[in-house]
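Participant: Pasting in a structure now, in structure tokens, and then I'll have a few things to ask.
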8 protein chains.
Amino acid sequence: MKLTVYLSGEIHTDWRDEIAAACRQMKLDVTFLAPVTDHDASDDCGVAIMGAEPNKFWHDHKGAKLNAIRTRTAIERADVVVVRFGDKYRQWNAAFDAGYASALGKALVIMHGPDHQHALKEVDGAALATVETADQVAAILNYVLTGALPRS
Amino acid sequence: MKLTVYLSGEIHTDWRDEIAAACRQMKLDVTFLAPVTDHDASDDCGVAIMGAEPNKFWHDHKGAKLNAIRTRTAIERADVVVVRFGDKYRQWNAAFDAGYASALGKALVIMHGPDHQHALKEVDGAALATVETADQVAAILNYVLTGALPRS
Amino acid sequence: MKLTVYLSGEIHTDWRDEIAAACRQMKLDVTFLAPVTDHDASDDCGVAIMGAEPNKFWHDHKGAKLNAIRTRTAIERADVVVVRFGDKYRQWNAAFDAGYASALGKALVIMHGPDHQHALKEVDGAALATVETADQVAAILNYVLTGALPRS
Amino acid sequence: MKLTVYLSGEIHTDWRDEIAAACRQMKLDVTFLAPVTDHDASDDCGVAIMGAEPNKFWHDHKGAKLNAIRTRTAIERADVVVVRFGDKYRQWNAAFDAGYASALGKALVIMHGPDHQHALKEVDGAALATVETADQVAAILNYVLTGALPRS
Amino acid sequence: MKLTVYLSGEIHTDWRDEIAAACRQMKLDVTFLAPVTDHDASDDCGVAIMGAEPNKFWHDHKGAKLNAIRTRTAIERADVVVVRFGDKYRQWNAAFDAGYASALGKALVIMHGPDHQHALKEVDGAALATVETADQVAAILNYVLTGALPRS
Amino acid sequence: MKLTVYLSGEIHTDWRDEIAAACRQMKLDVTFLAPVTDHDASDDCGVAIMGAEPNKFWHDHKGAKLNAIRTRTAIERADVVVVRFGDKYRQWNAAFDAGYASALGKALVIMHGPDHQHALKEVDGAALATVETADQVAAILNYVLTGALPRS
Amino acid sequence: MKLTVYLSGEIHTDWRDEIAAACRQMKLDVTFLAPVTDHDASDDCGVAIMGAEPNKFWHDHKGAKLNAIRTRTAIERADVVVVRFGDKYRQWNAAFDAGYASALGKALVIMHGPDHQHALKEVDGAALATVETADQVAAILNYVLTGALPRS
Amino acid sequence: MKLTVYLSGEIHTDWRDEIAAACRQMKLDVTFLAPVTDHDASDDCGVAIMGAEPNKFWHDHKGAKLNAIRTRTAIERADVVVVRFGDKYRQWNAAFDAGYASALGKALVIMHGPDHQHALKEVDGAALATVETADQVAAILNYVLTGALPRS
């Protein structure tokens, strides 16, 4: 079995690399998709390509829609959508992605620390797994693909 | 024309009542749906009906899923989904609802103050209208149903 | 809000009547749908209308498909599907209904005693609520429709 | 033509291997998918990766949902879903899979002994073929792919 | 429970009236839909409204598409689609309707005499019931709605 | 039978009223839906409710999206979508509506004069009927609902 | 561009080979799918694999459903469905396939002689092309893939 | 990531080649699909393959439907649909394609000069990006695939 996995959410830590590295080491057949993780590029892509906007709302609007070409295509293509909520920022786009993926019937894995537990209860409630670490995500993908569990 | 409108998001101010009152005054044929807006009931409904849980995660989990019976049914039934982001709390469930509604192709109206503009750019980017006040939501519903614009 | 609720599963106890009576007492706007609960009619309907079959497989086949006209129509029409697993029989049709409803995205409520807990873990895992009694189902429908919780 | 076939149900006999071996011998272009068939791993996967649960319900719940990542992905990917009901256990998850696959419009093949005939009539009624042996499943896949029938 | 039933196929006998009369007598809550059953109107409707065509192919084409507005709307709206194959004509449109309804997941009931049995095997194979008489269709609708079987 | 009909396209002549009047006279059970037909309101609705925009692109963008709440809801609700191409303006929104309705499987009726025949060939090719006059649309709705043809 | 084409209908002439040979000669990238075209195998496959039936109805039923595993999978996988109506037999299964494919939104090409024109008007009315010869089907596939027209 | 991109609209300039060349230079993994861009072949394909029509309407009708086999297949297969509105012709088929793609949830990019801004406001309102030049389309595809922005 192969899996296509979309890694949504936090872009300021290297959790995507950790998951990918762990899966590579286990030789899993996984294709990872992700949003653009360069914060500045992601913020300014719309005006950089389609022209400046004096009003910040439209500056952001152009960028958000352009990024949506990538994120929606990736979510639709994914078998599993992992959404990571980190410590910084509002991360409403991560929760939006989780809702979008849920309505499409994607298998949802949510990753966050214990302090966000209550605030994420609806998001966790729609998920098939809730974890705290990148290693757990890799262990899940390994189990789903091979049936093997981590050695204790 | 009639509309069914789901009012998602903030539950600590009376914005739902304002919209409903304004629509009633304009005699619009709108059916409003909403989540349970009693914060305590919403938090504890799962354990109140299905039994206590010592672990807060499962306490919340039971409640979140029980609330999902109502919210998902309402979103699927709605023609228009209005999502209000207020000043307090993380409100990830509001963003989740917006993503869920968006994937189902619902007409999305987002309501928030100017300070959340940048953080909500992806959510606004998926919406057909972004507003700040309950009066604007009512004006939108009036225009959609009757074609009439507010007198200036 | 109104709900259409399909009550699937066990046909040898009066759990459907208990739920309906409790909802009637609470004046909830619920339309209940159910399979044919007369065991003999349900078993023999196919041959009674379409002619006898010497082979038991085809006797049952004709009946099962005829009953499917009712059960599939009802599941598709329902907002909530409640599936009750009782003490007798294999009840594979109940689990089939649960899977069918789950794939259609229906809100699933599973009702069974504690001794079936392990055997029903996959079915419970797909549900938005798991309960033991008819009163709990009624309490869930009441909460979903009115936001009110049972008085303790 | 190629086929993707999901083999659901009984995990305590080697029926999956028999089908795969027979298809290999006939050089059929079939990709087989299956649930995790290690009973202990399947039962404990949730807590092994995501942490222990004192309550058996949540222990099972975590596992059932984790397994659902694999089973739902596999069912959605399959052209044909074969569900085997064996002699042991309740096997409600097998019937659940059959209902899930049926609602998605998958071609359903049911495999069971004659003593389960009456109890499985609704499941058989939704199937395109009902058989008793692994050889018959292989003969079906061969016929579907090549048009050849078993030599008598 | 209410049902919407589309009666497709043969237009030269009064089988539709027989079913409707029998259901009326049993006081069933059924809405019947049907194609235009006036043969000449059905053949000439396109050119009568949209202008004559010298070429018979386009004469028929205009009519067939105009009739499709009614038939497709009715099939989509129906819970149950009954298709009657009579003794005359090719009736390919009846078989087309059966295939169309089947792909939409409608409950299919096929009605024909024993001499068409072999030629209709694929159509019968997609149906939930195969009958010979209008009384049997009425008995099916009665059973589906009330659970009552014909008295023998 | 009842029909819901969306009348898309040209807003500067009274073709909608003509169709509605003709249907009323024939006592047809038709619910008509339409876009906002006040040209100025339709152009300025976005800024009137959500605030002025110095850039004409965003002025129009706000209005177009607000109008889409009405038009998409109406198209999804319609059984039949009639699209009228008149003599003035580019009318790309009319062709957009036709494509949108076609992808949703709606029954499409296109209305235009003979001089647009070649330019509208793809749109006509997706339609179930192509007509020139409001009377012809009314005759189609009459035939679809009652089976009666215009007297010659 | 590549195409997957399902060739449904008549199984007693070599029209499928003609189309395939013509496409091969033009080096088109087409994958052809077809039903089992061995009449006897197709009729008897069910009982040959799953056991004899004394009643001809169930003999045929078993076979029809087994064949449906192949035909439905093929139709769902196809971009274009070509349905050929020949001179012999009722061919209701061909019309059923056409209806099934049409409801799934497949591009439909119908192939038949002029004497079937009137009887096939509804089927032709749902098609994107109606032709008489295998050469025309090949020319269509060539045009769709390369834009080249036959030299006159 | 790979993308499949359908390039709809204007066929009299070389904008498709410009985009393809720019993407090739950036070594992007994009498969481009397009309608038949030979104006005469596109107009006459229907009659060239399926026989002459004295009436221009049916001449065009045959061609439009034949072209639809290609265009609909391509739109359904595409991740991104780019629609270019040029200076000549009515281009209603371009707007139809945009509406069709929008209803299927495809990511829509619209390309046109500033003078069409007002007339295309509804089409632009449904798009995720609006641009003027082929270079901008290529920059968008580059950003979506690699996250890189054009150097200023």
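The values are calculated or read from the model by the stated rules, or taken from the named source; none is laboratory data. Worth saying up front: this structure is predicted, and the values here are computed from it rather than measured. As a convention, Cβ positions derive from the backbone with ideal geometry for all residues, glycine included, and neighbour counts pool all protein chains shown. Side chains are part of the model used for accessible areas, which takes the heavy atoms of the whole protein and leaves out ligands, DNA and RNA. Shrake-Rupley method; radii C 1.70, N 1.55, O 1.52, S 1.80 Å.
Participant: Under a 10 Å cutoff between Cα atoms, tell me which one of G:Asp60, G:Asp124, G:Asp135 has the largest fluctuation in the Gaussian network model of chain G.
Facilitator: G:Asp60
Participant: Can you send over the carbon and sulfur percentage of the accessible area for region H:12-152, probe radius 1.4 Å, protein chains only?
Facilitator: Numbers: 2560 of 5450 Å².
Ligands and nucleic acids excluded, carbon and sulfur reach 47 percent.
Participant: Within chain G, what's the longest run with no trypsin sites (Lys or Arg not before Pro) in a DSSP loop and at most 12 other beta-carbon atoms within 10 Å? Give the range, please.
Facilitator: Working: sites that count: G:Lys2, G:Lys27, G:Lys88, G:Arg151.
So the longest stretch without any such site is G:89-150.
Participant: As a test question: what accessible area, to the nearest 10 Å², does A:Tyr100 have when a 1.4 Å probe is rolled over all protein chains in place?
Facilitator: My reading of the accessible area for A:Tyr100 is about 20 Å².
Participant: Where does region B:93-134 land on Rg(C-alpha)/(2.2 N^0.38 Å)?
Facilitator: Compared with the compact-globule rule of thumb, region B:93-134 sits at 1.07.
Participant: Is there a simple number for the mean count of other chain Cβ atoms within 10 Å of the Cβ of residues in C:136-149, and what is it? Kindly include the intermediate steps, with their values, before the conclusion.
Facilitator: Details: counts 3, 1, 1, 5, 7, 1, 1, 11, 10, 1, 1, 10, 4, 10.
Average neighbour count from other chains, rounded to a whole number: 5.
Participant: Keeping all protein chains in position, work out how much accessible area F:Tyr89 exposes to a 1.4 Å probe, and write it in Å² to the nearest 10.
Facilitator: Surface open to solvent at F:Tyr89 totals about 130 Å².
Participant: For peptide E:101-109, how many partner chain Cβ atoms fall within 10 Å of a residue's Cβ, on average? Walk me through the numbers on the way to the answer.
Facilitator: Numbers: counts 4, 6, 14, 5, 6, 4, 9, 2, 3.
The per-residue average across the peptide is 6.
Participant: Kindly report the accessible area of the protein assembly as shown per residue (heavy atoms of protein chains, probe 1.4 Å, no ligands, DNA or RNA), in Å². Intermediate results must be reported in sequence, preceding the final value.
Facilitator: On the way: 46050 Å² over 1216 residues.
Per residue, the protein assembly as shown has 38 Å² of solvent-accessible surface.
Participant: Strictly greater than 22 Å: what percent of every Cα pair in chain B meets that? Each step should come with its number before you reach the end.
Facilitator: Details: 4867 of 11476 pairs.
Cα-Cα pairs of chain B separated by over 22 Å account for 42 percent.
Participant: Nearest 100 Å², what total accessible surface is buried between chain D and chain C (probe 1.4 Å)? If you can, show how the numbers build up before the last one.
Facilitator: Details: alone 9280 and 9270 Å², together 15260 Å².
Roughly 3300 Å².
Participant: Around B:Met1, with a cut-off of 9 angstrom between Cβ atoms, what is the net charge of the other residues, counting Lys and Arg +1 and Asp and Glu -1?
Facilitator: Details: positive: B:Lys2, F:Arg70, F:Arg77; negative: B:Asp29.
Residues near B:Met1 contribute +2 overall.
Participant: Taking a quarter of the surface of the Cα convex hull of region H:1-62, what do you get in nm²? Could you put the intermediate results ahead of the total?
Facilitator: On the way: hull surface 21.3 nm².
Hull-based average projected area comes out at 5.3 nm².
Participant: Which entries of A:Lys106/H:Lys27; E:Lys106/G:Lys106; B:Lys56/C:Lys106; A:Lys88/A:Lys121 have Cα-Cα distances beyond 21 Å here?
Facilitator: Values: A:Lys106/H:Lys27 31 Å; E:Lys106/G:Lys106 19 Å; B:Lys56/C:Lys106 27 Å; A:Lys88/A:Lys121 18 Å.
Table pairs above 21 Å Cα-Cα are A:Lys106/H:Lys27; B:Lys56/C:Lys106.
Participant: With heavy atoms of protein chains only and a 1.4 Å probe, what residues of region H:34-54 have at least 50 Å² less accessible area in the full set of chains than alone?
Facilitator: The answer is H:Ile49, H:Met50.
Participant: Further, regarding this structure: Compute, for chain F, the length of the dipole vector about the Cα centre, with Cβ point charges of +1 (Lys, Arg) and -1 (Asp, Glu) only. Units Debye, rounded to 20.
Facilitator: Numbers: 16 positive and 20 negative charges, 95 e Å.
Once rounded to the nearest 20, the dipole reads 460 debye.
Participant: What 222 nm value per residue comes from the helices of the protein assembly as shown, counting each DSSP H run with n ≥ 4 as -39,500 (n - 2.57) and dividing by all residues, nearest 500 deg cm²/dmol?
Facilitator: Values: 48 runs with 600 residues, N = 1216.
Taken over the protein assembly as shown, the calculation gives -15500 deg cm²/dmol.
Participant: Pop out the ³J(HN,Hα) list for region F:64-81 in order, Karplus 6.51 cos²θ - 1.76 cosθ + 1.60 with θ = phi - 60°, rounded to Hz; leave Gly and Pro as x.
Facilitator: Result, ordered by residue: 4, 5, 5, 4, 5, 4, 6, 5, 5, 4, 5, 5, 4, 7, 7, 7, 10, 10 Hz.
Participant: Using a cut-off of under 20 Å, list every residue of region E:105-122 whose amide N is near the label point 7 Å from the Cα of B:Glu76 along the Cα-to-beta-carbon line.
Facilitator: E:105-107
Participant: Once a ≥ b ≥ c are taken as the square roots of the eigenvalues of the Cα gyration tensor of the protein assembly as shown, is the result rounded (a/c under 1.5), prolate (a/b larger than b/c) or oblate (a/b not larger than b/c)? Walk me through the intermediate numbers first.
Facilitator: Numbers: a/c = 1.29, a/b = 1.00, b/c = 1.29.
Rounded is the answer for the protein assembly as shown, as its axis ratio a/c remains below 1.5.
Participant: Just counting partner chain Cβ atoms within 10 Å, what average do the residues of peptide F:79-92 show around their Cβ?
Facilitator: Numbers: counts 7, 3, 0, 0, 1, 0, 2, 0, 0, 0, 2, 9, 4, 17.
Across F:79-92, the average partner-chain Cβ count within 10 Å equals 3.
Participant: Once phi is turned into θ = phi - 60°, what whole-Hz ³J(HN,Hα) does the Karplus curve with 6.51, -1.76 and 1.60 give for every residue of region E:141-147, x standing for Gly and Pro?
Facilitator: These are the phi-based 3J(HN,Hα) values: 4, 5, 5, 4, 8, 10, x Hz.
Participant: Give me the accessible area of B:Met1, 1.4 Å probe, in Å² rounded to the nearest 10.
Facilitator: Result for B:Met1: roughly 70 Å² accessible.
Participant: Classify region F:80-152 from the C-alpha gyration tensor, please: rounded if a/c falls under 1.5, else prolate or oblate depending on whether a/b exceeds b/c. Could the numbers behind the result be given before it?
Facilitator: Working: a/c = 2.31, a/b = 1.43, b/c = 1.62.
Because a/c hits 1.5 or more and a/b fails to exceed b/c, region F:80-152 counts as oblate.
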